[in-house]
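No lab work stands behind these numbers, since they all come straight from the coordinates. None of the values given here were measured: they were computed from a predicted structure. Quick reminder, even Gly has a Cβ in these numbers, built from the backbone with ideal geometry, and neighbours come from all protein chains shown.
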Amino acid sequence: MSKDWPLWEVFIRSKHGLSHKHVGSIHATDAEMAMNNARDVYTRRNEGASIWVVPSVQIVSSAPGDKGMLFDPSEDKVYRHPTFYDVPSDVENM
Amino acid sequence: MYSQFVDTGSDGQKGGQDASEQERAFQARIDEGISIEPKDWMPEKYRKTLVRQISQHAHSEIVGMLPEGNWITRAPSLRRKLILLAKVQDEAGHGLYLYSAAETLGASRDDLLDALHDGRAKYSSIFNYPTLTWADIGAIGWLVDGAAIMNQVPLCRCSYGPYARAMVRVCKEESFHQRQGYELLLEMVNGTEEQKAMAQDALNRWWWPSLMMFGPADGDSVHTQQSMAWKIKRHTNDELRQRFIDQTVPQAHYLGLSIPDPDLRWNEETGHYEIGEIDWDEFWNVVNGNGPCNRERLAARRTAYEDGAWVREAARAHAEKRQKRRAAA
């Protein structure tokens, strides 16, 4: 068995009101240490207003092979985009 | 560079004929500039080469703390001490970003550290030189971090996503490292005669080792072609070295210091500086473990790791105990 401590993924929300964003990972034996390590490693420049740490094994991610099945269906739905619609240029504020 | 001699497992670039269908599709993605992510299929050689490159890079950040750490307790003012502490702490952080990027390729942190400690893995030759005076701290920031930035900025666009993203963070943080070093030297050259002489002496000792950071000359760099095709290296060693020289010589002149190279001259036609011959025997000596501080650096890393073993074990035991208690409650 590896002597490595469990791996945690780190997400930081910046001050600018954006969502938490994945920034990297760290090793820690428990959630409290994961939080402390994430703070030391990923917020040395005032980057953070909030931190999430998640055990890496708990993350479920899509497989590269499923890309077609998952994302192709949205490709031919141009009518979901505003540029699909013709609005005369003299109609304002739209 | 921070990873000066990364074995790609092949002597040259694998051409269209031998490559499998999957390999051709992989190369096409890279050529299109689509980034490769951890779960994507990749040739085993690409994976192994990247683990080698990223871990060498990480080891360099970690070992790189030693020469500078040497001066933390002797910094000449509180301001300088705070700056140096912050810089060394950044290097630790950079090492950690990079180890975690290497782990996305399936490498284990423990194995990477073992490889460093038993001498199988390399780190940059530059950290095997001693920091004899305070001016060396300035020279490291200005020259060593300057050379590192030259290499790392293009790596922000490398083909492997987690490595590229780690490089973006590193580059954002690194520019203060170079500036604080230059400012330190600027203060010294405007100080007493002794201080100015100390700055010149630091440049004399760090100039050539800094140029060696870019690795062997292009003709002797057998893995460059494959690494460039994979876009895990974006410029050749000599290209980056030349850019560094062209950028740094005028900075030395501004300090009123002279470059320790009697053959250095400006070539009006090419618009580049030309330098004398690099002492490649010295380079290979340091790379092969016989630089001034190789043994000392590795011994310091091993001791730090071994002395910390009880902490790692205790933390694990504590976490297990608490988990059991929670389960029982």
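Against the globular-protein guess of 2.2 N^0.38 Å, express the Cα radius of gyration of chain A as a ratio, rounded to two decimals. Walk me through the numbers on the way to the answer.
On the way: Rg = 20.8 Å, N = 94, 2.2 N^0.38 = 12.4 Å.
So the Cα radius of gyration is 1.68 times the expected 2.2 N^0.38 Å.
Between helix A:31-42 and chain A there is an angle of about 70 degrees, using the helix long axis and the longest principal axis of the Cα atoms. Extension gain, B:D40 to B:R79, is 9.3 nm, computed as 0.36 nm per intervening residue step minus the present C-alpha separation. Under 20 Å from a label point set 7 Å out along the Cα-to-Cβ vector of B:Y254, the amide N atoms of the stretch B:163-196 belong to B:172-191, B:196. Listed by Cβ neighbour count within 10 Å, with the fewest neighbours leading, A:E75, B:E103 appear as A:E75, B:E103. If only the Cβ of Lys and Arg carry +1 and only the Cβ of Asp and Glu carry -1, the dipole of the stretch B:68-193 around its Cα centre is close to 300 debye. Evaluating 6.51 cos²θ - 1.76 cosθ + 1.60 at θ = phi - 60° for every residue in the stretch B:58-68, the Karplus couplings come out as 5, 4, 5, 4, 6, 5, x, 6, 5, x, 7 Hz, glycine and proline recorded as x.
Given in Å, the Rg to one decimal and the Dmax to the nearest whole number for the Cα atoms of the stretch A:7-62 are 11.0, 32. Treating each Cα of the stretch B:246-318 as an identical point scatterer and ignoring solvent, apply the Debye formula and state log10 I(q)/I(0) at q = 0.11, 0.13 Å⁻¹. Results for the stretch B:246-318 at q = 0.11, 0.13 Å⁻¹ read -0.59, -0.68.
Rounded to the nearest whole angstrom, the semi-axes of the ellipsoid equivalent to the stretch B:92-234, taken from the Cα gyration tensor as √(5λ), stand at 31, 17, 16, largest first. Since only B:L82, B:I54, B:A147 are under comparison, the one whose Cα sits farthest along the positive direction of the charge dipole of the protein assembly as shown, derived from C-beta charges on Lys, Arg, Asp and Glu, is B:L82. Local charge sum around B:W41 (other residues, Cβ-Cβ under 15 Å, Lys/Arg +1, Asp/Glu -1)? Result for the local shell: +1. Give the Debye-formula value of log10 I(q)/I(0) at each listed q (0.17, 0.18, 0.26 Å⁻¹), with one equal scatterer per alpha carbon of the stretch B:152-222, two decimals each. Evaluating at q = 0.17, 0.18, 0.26 Å⁻¹ gives log10 I(q)/I(0) of -0.85, -0.89, -1.08.
Using all C-alpha to C-alpha distances in the protein assembly as shown, build P(r) with 10 Å bins and read off the rounded percent in each one. With 10 Å bins starting at 0, P(r) equals 4, 19, 27, 24, 15, 7, 3, 0.
Overall, chain B carries a charge dipole of about 2000 debye about its Cα centre when +1 sits on the Cβ of Lys and Arg and -1 on the Cβ of Asp and Glu, all other atoms neutral.
Partner chain Cβ atoms within 10 Å, averaged over the residues of A:3-9 - can you pull that number for me? Please list the in-between numbers first.
Values: counts 10, 9, 6, 2, 5, 1, 1.
Across A:3-9, the average partner-chain Cβ count within 10 Å equals 5.
Three semi-axes describe the equivalent ellipsoid of chain B; taken as square roots of 5 times the Cα gyration tensor eigenvalues and ordered largest first, they are 34, 29, 17 Å. Between the residues A:T29, A:V41, A:V57, the greatest Cα displacement towards the positive end of the dipole of the stretch A:7-62, with unit charges on the Cβ of Lys, Arg, Asp and Glu, is found for A:V41. Projecting the Cα atoms of B:I259, B:G95, B:M188 onto the charge dipole of chain B (Cβ charges, centred on the Cα centre) puts B:G95 farthest toward the positive pole. Spin-label model, B:R243 to A:W52: label points 7 Å out along the Cα-to-beta-carbon direction sit 3.6 nm apart.
In this structure the amide hydrogen of A:A28, modeled in the peptide plane, comes within under 5 Å of the amide hydrogens of A:W8, none closer than 5 places in sequence on its chain. Run lengths n ≥ 4 of DSSP H only: what is the helix-derived mean residue ellipticity at 222 nm for the protein assembly as shown, with -39500 (n - 2.57) per run over all residues, to the nearest 500? Rounded to the nearest 500, it is -16500 deg cm²/dmol. Rounded to the nearest 20, the size of the Cβ-charge dipole of the protein assembly as shown about its Cα centre is 2000 debye, with Lys and Arg at +1 and Asp and Glu at -1.
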